[in-house]
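What follows is a set of notes on a single structure, which appears directly below.
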Amino acid sequence: MSGLLGAHEIREIATRIGVNPTKKLGQNFVVDANTCRRIVKSADVLDTDIALEIGPGLGSLTLALLESAARVVAIEIDPRLAAELPATAERHGFDASLLEVITADAMNLEALDPAPTVLVANLPYNVSVPVLLRAFEKLPSLRAGVVMVQSEVADRLVAKPGTKNYGSPSVKANWWGTLISAGNVSRSIFWPVPNVDSSLVRFDRHEVPGDEALRRKTFALIEGAFAQRRKMLRGALSELLGPSASAIIESAGVDPTVRGEALVLADYIRIAQAQ
Ligand code: SAM
């Protein structure tokens, strides 16, 4: 059998291996081959790339990745899905030795060998932001990627300062890369059909602006500022910065009476450095 997975086969495999998609694990499988090819294309996957997929499920996107990448590493939490994946790849004419399936929780992701160069995933929705930030942190080899997330989450990830969607994920993600919207995906291409819309987000890595100690300090400030986002910065950060909060913020060239949502990552970094 050649080509990618179709809707009929996806249901057939799920029935055969006894998988009844659960909401808890965000199991909404893509049943449209064109969408899978579109996602891989929007990530500009090269034939030299080692692609990382988080949550391969029944393999819709995995097979599209095997068409383009040199190797695919897939991390799946559900052991029944993980076990079936190599057989699905082989049945579709792919070399299963180019696919490594790791049965694990991506929330515990650590460095991988070989190091993946591109991330392409339809992320499990309940953990999409922490998993994405963890992948950025633990896998510096990732040069780019495209992830599918709930549209609301995509809006937050790509939000600009001063907008209502701008929050801690938007600022933190910028430590590692630039994120842009890569389009919407119709809910009709999933099985089961989810009750939320989905969107694609593309990221391209840039050089990180500092070492790990600076990143931790900066992230603590971002978390503090957005935990009380209606407060002025000097109030929201008073616990972290102590009685001289205003002076520290000012010495970083930031107005302590603005809210955290007005600041870009570079502002938080300067406050961290002024501490
Ligand atoms: N990539 C497949 C597709 O597009 O059809 C499935 C995507 S589905 C939205 C999310 C997948 O992530 C499911 O297969 C689910 O079992 C898996 N998953 C859920 N939580 C996970 C976690 N913490 N770590 C790794 N995989 C997880």
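Summed over segment 66-82, the residues that are more than 10 Å from the ligand (Cβ to nearest atom), touching a residue at least 40 places away in the same chain (Cβ under 8 Å) and hydrophobic (A, V, I, L, M, F, W, C) give a count of 2.
From the residues in segment 83-113 that are closer than 23 Å to SER42 by Cβ and near the ligand (Cβ under 9 Å from one of its atoms), which one is surrounded by the most Cβ atoms within 10 Å (Cβ to Cβ)? Checked segment 83-113; the qualifying residue surrounded by the most Cβ atoms within 10 Å (Cβ to Cβ) is ALA106. Can you confirm whether SER238 is out of contact with any helix residue (DSSP H, G or I) (no Cβ under 7 Å at 6 or more places or on another chain), open to solvent by 30 Å² or more (accessible area, probe 1.4 Å) and of a type in the set (Ser, Thr, Tyr)? In short, no. Restricting segment 216-235 to residues that are assigned to a helix (DSSP H, G or I) and of a type outside the set (A, V, I, L, M, F, W, C), the residue that is surrounded by the most Cβ atoms within 10 Å (Cβ to Cβ) is THR218. Here ARG202 meets each of (1) open to solvent by 60 Å² or more (accessible area, probe 1.4 Å); (2) closer than 16 Å to LEU52 by Cβ with one exception, condition (1).
Is it true that some residue in segment 114-125 is in contact (Cβ under 8 Å) with a residue 60 or more places away in the chain, more than 27 Å from VAL31 (Cβ to Cβ), out of contact with any helix residue (DSSP H, G or I) (no Cβ under 8 Å at 6 or more places or on another chain) and open to solvent by 40 Å² or more (accessible area, probe 1.4 Å)? Scanning segment 114-125 turns up at least one residue that is in contact (Cβ under 8 Å) with a residue 60 or more places away in the chain, more than 27 Å from VAL31 (Cβ to Cβ), out of contact with any helix residue (DSSP H, G or I) (no Cβ under 8 Å at 6 or more places or on another chain) and open to solvent by 40 Å² or more (accessible area, probe 1.4 Å). Scanning segment 126-139 for residues that are surrounded by 21 or more Cβ atoms within 10 Å (Cβ to Cβ) and assigned to a loop (DSSP other than H, G, I, E, B) yields nothing. Only one of the numbered conditions (1) loosely packed, with under 15 Cβ neighbours inside 10 Å; (2) within 16 Å of the ligand (Cβ to nearest atom); (3) within 23 Å of LEU142 (Cα to Cα) is not met by VAL196, and that is (3). The combined condition, being within 22 Å of the chain's Cα centre (by Cα), within 13 Å of the ligand (Cβ to nearest atom) and either open to solvent by 10 Å² or more (accessible area, probe 1.4 Å) or not small (Gly, Ala, Ser) (or both), is fulfilled by LEU63.
The values are calculated or read from the model by the stated rules, or taken from the named source; none is laboratory data. Bear in mind the structure is a predicted one, so any value in this text is a computation, not a measurement. Glycine gets a Cβ as well: all are built from the backbone with ideal geometry, and neighbour counts include every protein chain shown. These area figures cover heavy atoms from the full protein model, side chains too; ligands, DNA and RNA do not enter into them. Shrake-Rupley method; radii C 1.70, N 1.55, O 1.52, S 1.80 Å.
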